[in-house]
Each structure stands twice: as structure tokens, then as C-alpha cells.
1. Figure the gain on full extension for residue 275 and residue 38 (residue separation times 0.36 nm, minus the Cα-Cα span) and round it to one decimal in nm.
2. Treat region 122-253 as a sphere of radius equal to its Kirkwood radius over Cα pairs and apply Stokes-Einstein at 4 °C in a medium of 1.567 mPa s; give the translational diffusion coefficient in µm²/s, rounded to a whole number.
3. Order these peptides, 187-197, 172-182, 134-144, 91-101, by their mean beta-carbon neighbour count within 10 angstrom, highest first.
4. Say R0 is 30 Å: what FRET efficiency, to the nearest 0.05, do residue 140 and residue 247 get from their beta-carbon distance?
5. Assuming a ≥ b ≥ c are the square roots of the Cα gyration tensor eigenvalues, decide whether region 85-179 counts as rounded (a/c under 1.5), prolate (otherwise, with a/b larger than b/c) or oblate.
6. With a ≥ b ≥ c taken as the square roots of the eigenvalues of the C-alpha gyration tensor of region 31-282, please select rounded if a/c is under 1.5 and otherwise prolate if a/b is larger than b/c or oblate if it is not?
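FYI, it's all coordinate maths here, none of it is from the lab. If you're wondering where the values come from, they're calculated on a predicted model, not measured in any experiment. A quick note on method: Cβ atoms are made from the backbone with ideal geometry, for glycine too, and the neighbour counts reach across all protein chains shown.
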């Protein structure tokens, strides 16, 4: 009898230990996902500031000197986000496969400062290319962080397609619109569209529409509809005001404002996705807290 009781106690202790360890792992993955979500938010803010600086730089290099003040404000935003992102990069060093490291961030910062210093001597095309390289790095970090730290570890708590919208599809949509803003701002400032710019704008408008439709298949809420309307308005302006006429019929300020409205709408959609993911993570954490207080024997 004593042996049977001892065996039963050992079995209960074994399962209790397994359960406790599982709860610790779940707590860690939730903490990691929440921390990554914060990091993604700062990467999105960095992306947005870089895109705006790129568009303003195109207009400024084309002769729109009133953009200079706003360029300075965007530079300050980039610097602030890089400082905050240092914490995320440091946390990534603890991971087996870091999404990005403090060294990556330092190199990025060095290249950003070089771009700012050299900007007055660049052509519009060179400026767009240099900005776009930095934005590509930002998008890569964002996609990696969303997939490795949120989508995969919290697969049972959050919708994978929603995470992809948040960290991949919609940021890429915002980037296509950002490129259209940069190229189109230069076209509008010059008052004419070169063959290279024409081909580029046609491609960007088409890709933006395609990505927007893909993202809408996952989420069709009010903010998604607002963004879809803004994207349609911008791509319509590109085709009708920049490409359809012999002479460009929209000014740089008006075009930049329309492009910014579309991009802002997409970022608002991204913010909505982020809040939804946060709620799902918080709900999962609350559920696990409740389960943690249940008797160990009930979980086998």
C-alpha cells in the first residue's frame, strides 16, 4: 500500500513539474511575442520616417525648398527610433538566430548619417535608391521579427495571416506607395515624366493594388476599407495626372499630400492589426494565468 501511494505521489509530482515547466515556457514565449510586437511598432515608425524623408528629398532635390523643414523633422524621428530599437537589437542577441543585432543597427545608423551628409550632391534617382536600400533592411528586420517572434511561437494564439498583414504585406504596400510618393513628387516638381519614371510609376501602382487586395482577403474591417479607398485615389491620380497627360497636371505639394494620405491610411490599418494581435496575446496570457491556478492532476 505504501509503495502504491509512493508511486502515485511520484506520478503526480512528475506531471506537476511538467505542467509548471510548460507554463514557464508559455510565459516566456508570450513575453517574447509581446516584446517583439513593441519592436515591430518601432520598426514601423522608422519605416514611416524614412519613407517620408525619401519623398521630401525627391521634391527638395527637384527644387521644392519648402520641404527642407519637414526633412529635418523626419531626421529627428529616425534618430529617436534608432535609439529605442537598440533595446530590441540587444534582446535579439539572446536568441539562437537574431533577427538583427546591435552591430546591424550601428551599421544602419552610419549609412543613414552618410546619406544625410551626401544628400545635397545626389540626383533624385540616387537619393531614392539610397533611401530604398535602407528601407529594404528595415522591412527585412520587420518581417523576420514578426515571423520568428510572433507568428511561429504564438501560432496557437494569433492568426498567422493577420501577423503577415501586420509585419509583411501592409508594410510592403506602404513601401510601394512610399516609392510612388518619392518618384511622383520628383515628377510633379519637374512638371514632366521621364520614360524611366513612367515605367516605375506604372509598376508601383499595379503592385500596390495587388497587395492591397491580398491584404483585404484577411481583414475587411472599416480601416481596411478606408485604406483601400485612399490607395485607389492615389493610383488613379498617378494614372490620370502624372501619366495620362502630355504635361503633368498636379503640383508637388498636392501630389505629396495625396500620397501621404494613402500611406497614412495604410499605417492606420497596420496599427489596427497590431492592436488586434496585442488583444489576442493578452487573451492568451490571461487564459494561461487561469489554467496555471488549476490543479496539476487535471492536466495530463
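1. My answer for the length gained is 84.2 nm.
2. Answer, rounded: 81 µm²/s.
3. Details: 187-197: 17.3, 172-182: 26.1, 134-144: 19.4, 91-101: 14.5.
Result, highest mean first: 172-182, 134-144, 187-197, 91-101.
4. Here the calculated transfer efficiency is 0.15.
5. oblate
6. oblate
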